[in-house]
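What follows is a short report on a single structure.
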Amino acid sequence: MNPALTIAIMCLLSGLLMLDKYSIGEFGVSQPLVAAPVLGYAAGDFTSGVLLGLLLQPVWLIQLPIGRKIPLDVQAAGISGTVAFFSMRMLGNARFEFAALAAIAVAAAASLYGGWLDGYGRKLNGIFARRLERVTRRRELLFLHVAALDVAFLRGVILAVVAAGAGAAILPLLKWIPLVPLDRLLAATFSIGLAGALVIFGIKKQLIPFFAGFAAWVIVWALVRL
């Protein structure tokens, strides 16, 4: 399939995946562990999608959308990192390790500006909610519900389009990126996830997550090397 068409399909699919977050319920399909294989299947490389999901998910393990808090956007990170990854693979036949490391960087940036888009989307939904209180006609009620879905869908599409452009722009720079073997990438991201899990359980002293993360890096790398 034409790479441009495949990327366009991934962008539209990203919009549908983003509906998972608030619009139709939190079912987890927009999490990197699920979204990356889904987008990978659309790109014709399901196995790479699974591996990329394993790399991305632990990094944002503790980012939970609780109450009014707007955390780093894990859904935006997963979708953006995955689209950037497959854009680099399809447009430049980039090696997995190089594309994966660059995708993690794109995902990190997307988790920041994705949170900004999330906040803007919440404001729009707040406007829709206030209008719902004054609705008297069924047609207007349906319009407001569809508009709220469109906000989430367009957010996913925008994130994916930007990520695809970032992937294409990064391609010439991959030769400057150090080669980090997959086993070390897995060890590094899983150690970040373990350190984050300790924060969830209330261990907030800075040195404890640091040493736990380093220990996890050593353990996971050793297990992978066996």
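The values are calculated or read from the model by the stated rules, or taken from the named source; none is laboratory data. Small disclaimer: the values here were computed from a predicted structure and weren't measured. Cβ sites come from the backbone with ideal geometry, for glycine too, and all protein chains shown count toward neighbours.
For the stretch 8-40, which residues satisfy the criterion of being more than 16 Å from the chain's Cα centre (by Cα) and assigned to a helix (DSSP H, G or I)?
A8, I9
It is to be established whether one or more residues within the stretch 67-78 are of a type in the set (D, E, K, R), at pLDDT below 85 and over 13 Å from the mean Cα position of the chain (by Cα).
yes
For the stretch 82-96, which positions are of a type in the set (F, W, Y) and more than 16 Å from the chain's Cα centre (by Cα)?
The one that is of a type in the set (F, W, Y) and more than 16 Å from the chain's Cα centre (by Cα): F96.
Do we find that I219 is out of contact with any helix residue (DSSP H, G or I) (no Cβ under 6 Å at 6 or more places or on another chain) and either surrounded by 15 or more Cβ atoms within 10 Å (Cβ to Cβ) or at pLDDT 70 or above (or both) in this structure?
Taking the combined requirement at face value, the residue does not satisfy it.
Just checking, which of S14, S48 is under 20 Å from A102 (Cα atoms), touching a residue at least 60 places away in the same chain (Cβ under 8 Å) and surrounded by 19 or more Cβ atoms within 10 Å (Cβ to Cβ)?
Working: S48 fails: touching a residue at least 60 places away in the same chain (Cβ under 8 Å).
S14 is the lone residue from the list that is under 20 Å from A102 (Cα atoms), touching a residue at least 60 places away in the same chain (Cβ under 8 Å) and surrounded by 19 or more Cβ atoms within 10 Å (Cβ to Cβ).
Taking the options L198, L185, name whichever one is modelled with pLDDT of 80 or more, farther than 17 Å from G92 by Cα and outside the structural domain of M88 (by TED's automatic domain parsing).
L185
Tally the residues that are within 20 Å of P181 (Cβ to Cβ) and in a helix (DSSP H, G or I), restricting the search to the stretch 85-101.
At the first step, the residues of the stretch 85-101 found to be within 20 Å of P181 (Cβ to Cβ) are 85, 88-89, 93-101.
Subset that is in a helix (DSSP H, G or I): 85, 88-89, 96-101.
Adding up the residues that qualify gives 9.
Please work out if L117 is at pLDDT 90 or above and either in the same structural domain as A187 (by TED's automatic domain parsing) or part of a helix (DSSP H, G or I) (or both). Don't jump to the end; show me each part of the working.
Numbers: at pLDDT 90 or above: no; either in the same structural domain as A187 (by TED's automatic domain parsing) or part of a helix (DSSP H, G or I) (or both): yes.
Considered against the rule, which asks whether it is at pLDDT 90 or above and either in the same structural domain as A187 (by TED's automatic domain parsing) or part of a helix (DSSP H, G or I) (or both), L117 comes out as no.
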